[in-house]
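A short write-up of the structure that comes next.
The values are calculated or read from the model by the stated rules, or taken from the named source; none is laboratory data. Here the structure is a predicted model, which means the values were calculated and not measured. Neighbour counts are summed over all protein chains in view; Cβ atoms, including those assigned to glycine, are modelled from backbone coordinates with ideal geometry. Keep in mind that these areas ignore ligands, DNA and RNA; they rest on the heavy atoms of the full protein, side chains included. Shrake-Rupley method; radii C 1.70, N 1.55, O 1.52, S 1.80 Å.
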Amino acid sequence: MDKELTAPLIVTRGLVTFPGCPTTIEAIRIPTLASIELSKEYDNSILVVSQINPSTDEPGLEDFYYVGTFCRVISVTELKEYTRVRIDPKYRIKIKSVSKGPDGKSLLANYVELSDVLGDRIEEEALIRSIIQELEQMADLLDTLPKSFINQLSKGVSSVQLSNLLAHNMPLTIKAKQEILETLNINSRLELLLKAINQEKEVREVDKLITEKMHKSTEKTQREYILREKLKAIRSELGEDEDADDSESKILERLENNPYPEEIKAKVKSELKRYQMMPQASLESSIIKNYIDTLMNLPWFESTVDNDDLKNARKILDEDHYGLEKVKDRLIEYLAVKKMTGNLKAPILCLYGAPGVGKTSLGRSVARALNRKFHRIALGGISDEAEIRGHRRTYVGAMPGRIIAGMRRVGVNNPVFLLDEVDKLANSYKGDPASALLEVLDPEQNVKFNDNYVEEAFDLSNVLFIATANNIENVPGPLRDRLELIEVNSYTVIEKLHIAKDHLIKKQVNLAGLKESQIKFDDKAILAIIYNYTREAGVRELERKIASICRKVVVELLNDEKVKKVNITEKKVKELLGIEIFNEDKREKKDQVGVVTGLAYTQYGGSILPIEVTNYVGKGRLVLTGSLGDVMKESATIALDYVRANAKKYKIDDEIFEKNDIHIHFPEGAIPKDGPSAGVAITTALISSLTNRKVKADVAMTGEVSLRGNAIAIGGLREKSLAALRSGIKTIIVPKDNTPQVNELPSEVKEQMNIVFMTCVDDALEVALRG
């Protein structure tokens, strides 16, 4: 062994290099590229070792073998996706230590050269002869080896060259090649190679036997097919071919007796001919049969007769849903236009709103009103375009997309299709399902919808599509452009009370196996559940709580036979549901300095948003906490800049901005928050903190603020005002530009709260601040 030397090091994945065997490396990883660059400073010298587990992306010091080769870099070619490096391994080496290169990315290693150890000469010759004989008997193996290797063998090579060349070119595992590389004794190395050749020989013999068996099996299948054809001919002569060919004859009979489109008839007949030529046990035969079944069972001509009675439609909508008058009016308008024009070439309806407000059930009610079949397609989380358009028949296990599969399931060509959660569509390397939906939802294109599996145009123009979404902003622009948006608003407390009495309680009483005579809810009990055990825009959680009460009542009735009826009162609710989950504690009870109640709108409805501001001796920094988005951070900056610019107006010392840090915090820091509508509330909290004036605890506000202190209109006012009402707020301050929205607020909001309009921040300060 020689003294220790230093050179750049690269770790290869799935490659072991051998001296005298030039090879090419495709370099992608940053340390590899950096070491190749560093090799220029070491006379193009580089050390190459293999990593133990090829699946490791970033190998550590314990993840690669320490025996490798010393190589010269012959050429480096930079391509688009990787760098191709041609290297010439010279001799074996052993790594002694590894360190980072001067650039911090490359690897440097101290190494020593490993020399080959010669064994007994006679034994060496015998091993070489055995290896050559084995190779000559394995012509198929020689055919797979590179011609350059065969040429070198024919010219004659030394035992060292033979062992390196064979190890480099033989189809061996990384572990086996590394073992040969680490073996310095030539004879031992040749023994390992001879053993590997014999193993390969055995594998190839087994493979040959398997191939022969498959060939015999194929011949048997072919023979069975010929015999079946002969049997079919014999049955035909005996007049029995009706029974023998029952399925094919029935398919042809259906084709002739029903008004299938001509192209479908031609396609089915063509596929039937192919099917008859195929062995019944073959995979292709079952694929063709499934395809024929799909074509035959699609509703090319079947449809239901619509009930165009608008009064009946309104009656059904009112039966199934309380409130939602605007939504019902729009649905009736949609059905009226359909009745008048006789077609559905109108924008696709999209019902959007918070979870649990009845979007899906509205779609089901429309189907019931029209006397149409209903089918729901859940689109949440779909990231594969094939889910919409289907798979091509070339793939094993191919099937139609969800649209065609739904049409086959309902069995008519004019159902109501509910595309649920279109805002939850995802895209991936498998395609963009939202883009695939563009053809489905465009009345000009869906007359000839092409599913990859069906391969024939299918008419979707008679289908009534209704989409639903929680957050309309998440629906891609081109898709949103094809939708007519109808907002399904959050329910008020009164609406929830009626929904519970008219729908939820009856449903859950029946599901629990109770009779109406065994349980009775009073209004105060329902209100107690709404106020103290739920916080939602819809009624899903309310329904779950009612279901929980019904189950507990069942247990009570079964445990005590004397109890015949249970009255659910406010006290009984607390006894059955336990400690109250929600109360008004989130709202401040006392007037405080620097604490303002804002109003927020989320996809789950409205909520109140406490804002806290404090200042302390520092360096004039603005600290923002509470998991804020960029827009909300900008609102805080605008609010502070407005206050600084108008410090004299509000009697604030200018030095406080230079010598004090200002901290703005939004509680519930784990919940992300964003949007501009807290601008006025932040400004009010800043002025309160800097002037030491208290903010009224029963006042909430919402509105975007400008650098001039103007209050700008905001969205989601209905949900925000309902959240304020639930939380016991007495006064809300809103921008004057929101007057049209205020006029449409629920009556209980306008009756139970004082709504104050503002044009600028000063209007809000006048109402919200004490003193």
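The table for this structure:
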| read-out | value |
| --- | --- |
| Test for R544: is it surrounded by fewer than 17 Cβ atoms within 10 Å (Cβ to Cβ) and at pLDDT 90 or above | yes |
| Matching residues in region 27-55 - criterion: being touching a residue at least 40 places away in the same chain (Cβ under 8 Å), hydroxyl-bearing (S, T, Y) and not in a helix (DSSP H, G or I) | S50 |
| Residue within region 295-315 that is open to solvent by less than 10 Å² (accessible area, probe 1.4 Å) and farther than 30 Å from E271 by Cβ present | yes |
| Criterion (polar (S, T, N, Q), open to solvent by less than 70 Å² (accessible area, probe 1.4 Å) and more than 23 Å from E325 (Cβ to Cβ)) met by exactly one of T597, T492 | T597 |
| Which numbered condition F757 fails, given (1) open to solvent by 50 Å² or more (accessible area, probe 1.4 Å); (2) over 30 Å from A528 (Cβ atoms); (3) assigned to a helix (DSSP H, G or I) | (3) |
| In region 317-334, the residues that are open to solvent by less than 20 Å² (accessible area, probe 1.4 Å), outside any loop (DSSP other than H, G, I, E, B) and touching a residue at least 24 places away in the same chain (Cβ under 8 Å) | L317, V327, L331 |
| Subset of region 263-316 that is part of a loop (DSSP other than H, G, I, E, B) and under 12 Å from E456 (Cβ atoms) - its residue that is farthest from the chain's Cα centre (by Cα) | W300 |
| Residue list for region 425-434, filter: touching a residue at least 12 places away in the same chain (Cβ under 8 Å) and surrounded by fewer than 19 Cβ atoms within 10 Å (Cβ to Cβ) | A426, N427, S428, K430, G431, D432 |
| Candidates K520, K507, K524, K501 - the one that is in contact with an Asp or Glu (Cβ under 7 Å, 6 or more places away or on another chain), surrounded by fewer than 17 Cβ atoms within 10 Å (Cβ to Cβ) and not in a loop (DSSP other than H, G, I, E, B) | K524 |
| Subset of region 440-464 [within 19 Å of E263 (Cβ to Cβ) and of a type in the set (D, E)] | D451, E455, E456, D459 |
| Subset of region 97-118 [open to solvent by 30 Å² or more (accessible area, probe 1.4 Å) and of a type in the set (G, A, S)] | S97, S99, G104, S115 |
| Failed criterion for I652 (all others in (1) open to solvent by 50 Å² or more (accessible area, probe 1.4 Å); (2) part of a loop (DSSP other than H, G, I, E, B) hold) | (1) |
| Contacts under 8 angstrom Cβ, first residue in region 439-452 being open to solvent by 30 Å² or more (accessible area, probe 1.4 Å), partner assigned to a helix (DSSP H, G or I) and of a type in the set (A, V, I, L, M), 6 or more apart | Q445/L438; N452/A386 |
| Residue selected from region 212-256 under the condition open to solvent by 90 Å² or more (accessible area, probe 1.4 Å) and within 30 Å of P299 (Cα to Cα), by the criterion modelled with the lowest pLDDT | D243 |
| Residue pairs meeting the criteria (Cβ under 8 Å; at least 6 apart or on separate chains; first closer than 21 Å to R223 by Cα, in region 270-297; second among the hydrophobic types (A, V, I, L, M, F, W, C) and part of a helix (DSSP H, G or I)) | R274/I288; Y275/I288; Y275/I292; M278/I288 |
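A quick yes/no check of all residues on (1) at negative phi; (2) in contact with a Pro (Cβ under 7 Å, 6 or more places away or on another chain); (3) of a type in the set (A, V, I, L, M); (4) surrounded by 14 or more Cβ atoms within 10 Å (Cβ to Cβ):
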position: N710; (1), (2), (3), (4): yes, no, no, yes
position: S727; (1), (2), (3), (4): yes, no, no, yes
position: I732; (1), (2), (3), (4): yes, no, yes, yes
position: E744; (1), (2), (3), (4): yes, no, no, no
position: M753; (1), (2), (3), (4): yes, no, yes, yes
position: V761; (1), (2), (3), (4): yes, no, yes, yes
position: L765; (1), (2), (3), (4): yes, no, yes, yes
